[in-house]
Amino acid sequence: MASSSLPITRLAMTCLARHQPTAAILGLKPSMSVHHRSQASLYSSEAVPRSKPANSKYKVVIVGGGSGGCAVAAKLSSLGKSCAVVEPSDLHYYQPIWTLVGGGLKGFQSSVRPMGQVLPSSIDWIQDKAVKFDPENNNLELSSGDKVKYDYLVVAMGIQLDYDKVNGLVDALENDPVVVSNYTPRWVNKTFPAMQGFRGGNAIFTYPNTPIKCAGAPQKIMYLTEEFLRTTGMRENSNIIFNTAQGVIFGVKKYADALQKVIQSRNIQVNYKHNLVSVDHKERTAVFANLDKDNELVPFKYNFLHVTPPMSSPDVLKKSPLVNEGGWVDLHKHTLQHVKFSNVFGLGDCTSLPNSKTAAAVAVQCGILHKNLTDTMEGKKPTSLYNGYASCPLITSREKCILAEFDYNLQPQETLPINQGVERKLAYGMKAYLMPELYWQVMMKGKWNGPATIRKVLHLGMSKSSKLQA
């Protein structure tokens, strides 16, 4: 671990130096070396879809080419062609940056790269879709009809966006320029033009009555929009409304208290237990069910509507033997090993892990999974334990952020030796500049297992951590 700390530190300093407010805090000189480096130089070769006969057999099959799947694949790249990733998409997205894309602070192109550049070229890339799991027989069926057998399976399929579960929402997103959503490449580029065109009235932001990825994202874009309307002179004519199906603004009390101060200081209206059920874009009306009043329907007129859609486990998983009653891949929450099938592991948003679904969580899970999968393949018992670490950089403006880090018990696990429960320019610089480069250059290369070691160093070995038992 020590040998990899220096390159990461250099990367951090270079990236943070590009953000002038953060550079001033740290005393860094601006550097553009990373910014001007061509994307091609970051990759020595590209993965290409396999051209092999049907009904292949692999030692390890990874289903999913998102953050978790690609990071695990990088760690297992030494297995060569005995490891395969099943992923139909040509593109890989760094989704955490979409809040800044929607807020007009980053270009969409910064969030996407060809899948072949992200996956290691040493393994097999099966560019197809998994349609059926048969863990009793160590078998996976693809949409092409081909079957893939495995010794070990890693499930990293992410989360499914259920826009169609809200009546009229897809039609509104397709036809109404003021109905937007940052959660998909299909519509994220609608958000900033809608902000620019806003001329007053109700700007409504939603949070559904389901688990979602990045629980802070629905309100991040709200804070950016509110700030933008102040710069355009439209704030006085506007009502900023956050309708959330949840009962609290954020699940960790320390950060919830900080966010409440932001909400109060900026005159934002929050309606708890309000779940979006329908959108009529012709009447520009959004209807919410009040969960505290027997689902009483409450209509809101809107002039701007940002929707966080309901989400669930992918349909193919819901129909498989791998999931629990809620449809999530049923894992031991500390070892990430399946509770029934010992040769199956999982990570990320599709799993039953009772923590926040974030890329930061996936980074830590990736290191735990790799160690436990390797031990299992060697006939040993898994001993590496995950404490539920997750992080959510809660952007509150174009230059400030509250950097939330916490565990399964919703207790702060802060990396920096300062109070992260306040708005800071440093935290924004990390979110906007350091974390994207850390993702592409380190995590996607299989070299990032989260900030635990850095946290220990910065806290002089005295940081608090959860004590776990297998």
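Observations
- Some residue of the stretch 193-202 being farther than 30 Å from residue 247 by Cβ, open to solvent by 20 Å² or more (accessible area, probe 1.4 Å) and not in a helix (DSSP H, G or I): yes
- Qualifying position, being under 24 Å from the mean Cα position of the chain (by Cα), of a type in the set (D, E, K, R), part of a helix (DSSP H, G or I) and within 21 Å of residue 173 (Cβ to Cβ), among 190, 254: 190
- Some residue of the stretch 134-144 being at pLDDT 95 or above, under 21 Å from the mean Cα position of the chain (by Cα) and among the charged types (D, E, K, R): no
- Residue-level check: of (1) open to solvent by 10 Å² or more (accessible area, probe 1.4 Å); (2) of a type in the set (S, T, N, Q); (3) touching a strand residue (DSSP E or B) at 6+ places or on another chain (Cβ under 6 Å), residue 231 misses just (3).
- Listed by first and then second residue, the pairs with beta-carbon distance under 6 Å, at least 6 apart or on different chains, first residue in the stretch 406-419 and closer than 16 Å to residue 355 by Cβ, second modelled with pLDDT under 95 and of a type in the set (Ser, Thr, Tyr), are 407/466.
- A count restricted to the stretch 330-376 and to residues that are assigned to a helix (DSSP H, G or I) and of a type in the set (S, T, N, Q) stands at 4.
- Test result for residue 460, surrounded by fewer than 18 Cβ atoms within 10 Å (Cβ to Cβ), out of contact with any Gly (no Cβ under 8 Å at 6 or more places or on another chain) and on the phi > 0 side of the Ramachandran plot: yes
- Yes/no for residue 219 being open to solvent by 10 Å² or more (accessible area, probe 1.4 Å) and either part of a helix (DSSP H, G or I) or at pLDDT 95 or above (or both): no
- Just one of the numbered conditions (1) assigned to a strand (DSSP E or B); (2) more than 26 Å from the chain's Cα centre (by Cα); (3) touching a residue at least 24 places away in the same chain (Cβ under 8 Å) is not true of residue 297: (3).
- The stretch 69-93, residues that are open to solvent by less than 10 Å² (accessible area, probe 1.4 Å) and either part of a strand (DSSP E or B) or farther than 24 Å from residue 141 by Cβ (or both): 71, 83, 84, 85, 86, 92
- Candidates in the stretch 391-448 are the residues that are touching a Phe, Trp or Tyr at 6+ places or on another chain (Cβ under 7 Å) and part of a loop (DSSP other than H, G, I, E, B); of these, the one that is surrounded by the most Cβ atoms within 10 Å (Cβ to Cβ) is 396.
- Cβ pairs under 9 Å, 6+ apart, first in the stretch 99-115 and in contact (Cβ under 8 Å) with a residue 12 or more places away in the chain and more than 19 Å from residue 308 (Cβ to Cβ), second small (Gly, Ala, Ser) and exposed (fewer than 15 other Cβ atoms within 10 Å of the Cβ): 115/89
- Taken as a whole, the structure leaves residue 243 outside the set of residues that are under 18 Å from residue 302 (Cα atoms), open to solvent by less than 50 Å² (accessible area, probe 1.4 Å), in contact (Cβ under 8 Å) with a residue 60 or more places away in the chain and not small (Gly, Ala, Ser).
- If the condition is being of a type in the set (A, V, I, L, M, F, W, C) and part of a loop (DSSP other than H, G, I, E, B), then the stretch 173-183 contributes only 178.
- Some residue of the stretch 272-289 being in contact with a strand residue (DSSP E or B) (Cβ under 6 Å, 6 or more places away or on another chain), open to solvent by 20 Å² or more (accessible area, probe 1.4 Å), in a strand (DSSP E or B) and among the hydrophobic types (A, V, I, L, M, F, W, C): yes
- Against the criterion of being open to solvent by less than 50 Å² (accessible area, probe 1.4 Å), of a type outside the set (Gly, Ala, Ser) and part of a loop (DSSP other than H, G, I, E, B), residue 120 qualifies.
Residues are listed down the side, and each one gets a yes or a no for (1) part of a loop (DSSP other than H, G, I, E, B); (2) crowded, with 19+ Cβ neighbours inside 10 Å:
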site: 131; (1), (2): no, no
site: 140; (1), (2): no, yes
site: 144; (1), (2): yes, no
site: 148; (1), (2): no, yes
site: 154; (1), (2): no, yes
site: 158; (1), (2): yes, yes
site: 171; (1), (2): no, no
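The values are calculated or read from the model by the stated rules, or taken from the named source; none is laboratory data. Please read all numbers here as calculations on a predicted model, not as lab measurements. When we count neighbours, we look across all protein chains shown, and the Cβ atoms used for this are built from the backbone with ideal geometry, even at glycine. Calculation scope for accessible area: heavy atoms of the full protein, side chains included, ligands and nucleic acids excluded. Shrake-Rupley method; radii C 1.70, N 1.55, O 1.52, S 1.80 Å.
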